[in-house]
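The values are calculated or read from the model by the stated rules, or taken from the named source; none is laboratory data. Computed from a prediction, not measured in an experiment: that's the story for all the values here. In this analysis, Cβ positions are derived from the backbone assuming ideal geometry, glycine residues included, and neighbour counts consider all displayed protein chains. With ligands, DNA and RNA removed, areas are computed over all heavy atoms of the protein, side chains included. Shrake-Rupley method; radii C 1.70, N 1.55, O 1.52, S 1.80 Å.
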Amino acid sequence: MSPPYGSRLAGKIAVITGAGSGIGLESSVLFASEGAQVVCADINEKGATATAEKIATLYGKGRAVAIHADVSKEEDVKKMIQLAVTEFGKINILFNNAGIMHPADDNALTTSEDIWDLTMNINVKGVWWGCKYAIEEMRKTGGGSIINTASFVALRGAATPQLAYTASKGAVLAMTRELAVVHAKENIRFNSLCPGPLRTPLLMEFLNTDEKRDRRLVHVPMGRFGEAIEQAKAALFLASDDSSYMTGTDFAVDGGLCAAYVTPE
Ligand code: NAD
C-alpha cells in the first residue's frame, strides 16, 4: 500500500460516476486513498476499469470495482447502486459527476433539439436517477452524502454560449437544493460542486486554440485553468464528515471566477 493513506473516509462506500476520466478519476483514487471502497462507474467501461485497477495497484485488491453505466439509463443506475450494496454492503457517498458538454451545443438559435435532449438526459436526469436509488439505500443506514457536479456556468452567464449545458447545470443546482431540504432530517446531505474551467479532456478538447483559451482565462483571477485533483479535494471535503453541517450549498471551486468583476493584469 503506497502512502499517503488517510482515514477521512475510513469504512465508507462511495459510488462515483464518470470515474474513467478527469474529476471522476482523480476523486476515485483520492477517496480510496482516504480509506473508502469505491464503485467506479462510467459509460466508458475501459476507463472505469483502468481506474479501479489503479486503485487496486495503489491500495490493494477489494478497494474498488468497475461497472459500465450510462447514467441517463435508469436500469444502469439502479444496477450501479445495487453493486455497492452487493459488493460492499452499503452506500455512504454518491458523487454524481458524469456529464457532457457537446461540441454542437451552441446558442438558442443553433442548438438542435437532439443535443438539448442528450445533454438534459445525461446531466440532469442522470443525477436524478442516482439520487433516487442512493436515497433508498442511505435511508437504511441512517444517511449519507451526495455530491452533484454542476458548474460555474450555472452561477454566471457566458457570452460563449452552450445553452443546453448551462441550462442543465442550473437544473442540477436547483434540484440539489431541493433534495437537500427534503432529506435534511434523514441525515442525507446534498451539495453541488461548481467547478471553474478545468484542464481536463472535457474542456481542453473544446478549447483547442490559444485564442479560445485566452477568451476564458482573462476572466479567471488566478489566471489559470483548474486541475481535476483540485475538484477531487473539494469533493472529498463534501463527501467526508468534515462537512457534516453543510447541505444545499453551491460549492464554487473556480479560481475566484465567480467573485470577479475586473481581474488582475
Ligand atoms: P471528462 O470528460 O474528463 O470526464 C467525464 C466522464 O464522464 C468521462 O469518463 C465520460 O466517459 C463519462 N460520461 C459521459 N457521459 C456519460 C454517461 N452518459 N454515463 C456515464 N458516464 C458518462 O470531464 P470532467 O472535466 O472530469 O467533468 C466532470 C464533470 O465536471 C462533468 O459533469 C462536467 O460537466 C463538470 N464540469 C467540468 C468543467 C471543466 O472545465 N472540465 C467545468 C465545470 C463542470
Counting sequence-distant residues (5 or more places) and residues on other chains, those with an amide H built under 5 Å from that of Ala36 are Leu9
Which of Gly89, Gly62, Gly143 fluctuates most in a GNM of the chain (C-alpha springs under 10 Å)? That residue is Gly89
Excluding residues fewer than 8 positions from Lys169 in its own chain, the aspartates and glutamates with Cα under 12 Å of it are Asp250
Over the chain, the sum of -39500 (n - 2.57) across DSSP H runs of at least four, divided by residue number and rounded to 500 deg cm²/dmol, gives at 222 nm -13000 deg cm²/dmol
In order over region 110-120: 3J(HN,Hα) from phi, Karplus 6.51/-1.76/1.60, θ = phi - 60°, whole Hz, x for each Gly or Pro, gives 9, 6, 8, 4, 4, 5, 4, 5, 4, 5, 5
With bins of 10 Å, the percent of all Cα-Cα pairs of region 24-100 per bin from 0 is 20, 58, 21, 1
In the neighbourhood of Gly157 defined by beta carbon distances under 14 Å, the net charge of the other residues (Lys, Arg +1; Asp, Glu -1) is +3
Counting only residues 5 or more apart in sequence or on a different chain, those whose built amide H sits under 5 Å from that of Ala252 are Cys194
Surrounding charge for Ser33, neighbours by C-beta under 14 angstrom, Lys/Arg +1, Asp/Glu -1, total +3
Across all Cα atoms of the chain, Rg and the largest Cα-Cα distance (Dmax), in Å, are 17.7, 54
Rounded to the nearest Å, the spacing of the alpha-carbon centers of region 212-259 and region 133-201 is 13
If each K or R counts +1 and each D or E counts -1, the residues other than Ala232 whose Cβ falls under 13 Å of its Cβ total -2
Computed over region 31-141, the relative contact order (Cα-Cα under 8 Å, seq sep at least six) in percent reads 25
Over the chain, with neighbouring protein chains present, the accessible area per residue in Å² at probe 1.4 Å is 47
Heavy-atom accessible area of region 1-131 with neighbours in place, 1.4 angstrom probe: carbon+sulfur share in percent works out to 54
Residue-ordered couplings for region 245-260, obtained by feeding phi - 60° into the Karplus form 6.51 cos²θ - 1.76 cosθ + 1.60 and rounding to whole Hz (Gly and Pro as x), are 9, 10, 8, x, 8, 9, 8, 8, 10, 9, x, x, 3, 6, 8, 9
